[in-house]
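What follows draws every value from the coordinates through simple rules; no lab data is involved. If you're wondering where the values come from, they're calculated on a predicted model, not measured in any experiment. Neighbour counts are summed over all protein chains in view; Cβ atoms, including those assigned to glycine, are modelled from backbone coordinates with ideal geometry.
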Amino acid sequence: MNVFDNAIESRLDRRCTFVALGGGVIADMCGYAAASFLRGINFIQIPTTVMAQVDSSIGGKTGKPTIGEKLVWRILSATVCAHRYTYIKHVT
């Protein structure tokens, strides 16, 4: 994944934080990258859809889309999950 290549080239360490701004796919990809990079770093979710807000508040399972279904996944809850109605109002 390009996320790992960019993180390594930028010399990120365990003190860095990944931020997911978007819907469920973005949150899953960012969560998987955060859980896998250096065996787990912090990440923040800022969901911009109602479904993503529900999923991010309940979930913790993040995955990388593969052929068929999510066969590659990790468990990592977000360090911060910012839910605001205005995020959805301004995006839609």
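Each peptide in 14-23, 43-52 was scored by the mean count of other Cβ atoms within 10 Å over its residues; highest first, the order is 43-52, 14-23. Amide H contacts for L12 (H built 1.01 Å from N in the peptide plane; partners 5 or more residues away or on another chain; cut-off under 5 Å): none found.
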